[in-house]
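Just below is one structure, and these are the notes that go with it.
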Amino acid sequence: MKHKQLETLLDQLRNLEQKHQATPDNEIYKKLVAVRRDIRTLLLDDTAQSMIWTKRTYYEKSNKTDSLLARTLRPRQERSHITAIKHPDGTTKSRPDEIAKVFEDFYKKLYNHTPDAHTPDGSEEDHINSYLNNLDLPKLGRDA
């Protein structure tokens, strides 16, 4: 019932907005404001009903080991589940063991901090050493 009423009001709103754009008339504007108010009222009533239902449900089931928590968490688990991943070679992996292997390879490469990890000739270490040597850092004397 409310869904059809909302659709009707939205159709009226579209028609009135088109009429108001074509000919800005005060009567059309008043109807436009009234339809917007009706839509807002309908949506607020629906929101209030949803809030009341949610409060009641959580009040009734809050201290019980019920399926409420499971129903609440299930969509989160489904959203966070990885069903497929793109491999660096361009192929898509969808089997769980292949997905795990792609992640494993990625993190091994990411956290490999050996001096020759990034470049085969070890120039990464030379670059770091030259950077550190060129810094103008204060030096401690023998007195300290």
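Please treat every number below as a calculation from the coordinates, not as lab data. These figures come from a predicted structure and were not determined experimentally. Quick reminder, even Gly has a Cβ in these numbers, built from the backbone with ideal geometry, and neighbours come from all protein chains shown.
With a Förster radius of 30 Å, plug the Cβ-Cβ distance of Ser80 and Leu110 into 1/(1 + (r/R0)^6) and report the FRET value to the nearest 0.05. Spell out each step's value before the answer.
Details: r = 21 Å, r/R0 = 0.69.
For Ser80 and Leu110, the calculated efficiency is 0.90.
If you average 1/r over all unlike Cα pairs in region 1-59 and invert the result, what Kirkwood radius do you get in angstrom?
Numbers: mean 1/r = 0.0776 Å⁻¹.
The answer is 12.9 Å.
Expected output is a single nm value to one decimal: the length gained when fully extending between Ala70 and Tyr29, i.e. 0.36 nm times separation in residues minus the C-alpha distance. What is it? Numbers along the way, then the final one.
Working: separation 41, 0.36 × 41 = 14.76 nm, distance 4.90 nm.
Result for the pair: 9.9 nm of gain on full extension.
I want to check the label-to-label distance for Ala22 and Ser94. Put each point 7 Å from Cα in the C-beta direction and report it in nm to one decimal.
5.0 nm
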